[in-house]
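In what follows, a single structure is set out as structure tokens and then discussed.
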Amino acid sequence: MARQRARWREEDAVPVQGAVSGETSRAVRSLFAVIERYPEIRSAENVLRLQAEIQRLEEQIADRRELYNDQVFRYNTAIATLPMLVLTPVFGWKPRDFFEAGPEAASPRDVAIHDGGSGSSA
């Protein structure tokens, strides 16, 4: 997970950032799968704080992604309509790519780690 996080760079193109973001999300899900198997870890205070922080960050990322894509839409529309259309080739303005996260980013993620004291799984 730390390696995936370290791969993200602000200067990378948006599609590359999206791919790294998706890989990081998969690493986090793997971590939670491991934690699910160990009840003594699930109840630790630091794991509960980690869950809350991940949920907060994922909500913030979704908000930022929506804001970014809205700005890209506005920019792409502006450079494709008059009067900016006339200036687009002069300044070399090019349409920008939207930030596209994988399908798993579209649905809210349940990061809750449930107490498995009963021995059965739901």
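Below are the figures for this structure:
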{"quantity": "So residue 49, is it exposed (fewer than 14 other Cβ atoms within 10 Å of the Cβ), of a type in the set (Lys, Arg) and modelled with pLDDT under 75", "calculated": "no"}
{"quantity": "Within the stretch 74-99, considering residues that are surrounded by fewer than 14 Cβ atoms within 10 Å (Cβ to Cβ) and under 30 Å from residue 58 (Cβ atoms), the one nearest to the chain's Cα centre (by Cα)", "calculated": "97"}
{"quantity": "Conditions (1) modelled with pLDDT under 90; (2) outside any loop (DSSP other than H, G, I, E, B): number failed by residue 118", "calculated": "(2)"}
{"quantity": "Selection status of residue 10, of a type outside the set (A, V, I, L, M, F, W, C), at pLDDT below 80 and within 21 Å of the chain's Cα centre (by Cα)", "calculated": "yes"}
{"quantity": "Failed condition for residue 33, given (1) at pLDDT 75 or above; (2) surrounded by 14 or more Cβ atoms within 10 Å (Cβ to Cβ); (3) among the hydrophobic types (A, V, I, L, M, F, W, C)", "calculated": "(2)"}
{"quantity": "Residue check, residue 19 at pLDDT 80 or above and either within 19 Å of residue 97 (Cβ to Cβ) or not in a helix (DSSP H, G or I) (or both)", "calculated": "no"}
{"quantity": "Failed item, numbered, when residue 113 is tested on (1) modelled with pLDDT under 80; (2) within 16 Å of the chain's Cα centre (by Cα); (3) surrounded by 12 or more Cβ atoms within 10 Å (Cβ to Cβ); (4) of a type in the set (A, V, I, L, M, F, W, C)", "calculated": "(2)"}
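The values are calculated or read from the model by the stated rules, or taken from the named source; none is laboratory data. In this text, all values refer to a predicted model and were calculated from it rather than measured experimentally. Cβ: placed from backbone, ideal geometry, glycine included. Neighbour counts: every protein chain shown.
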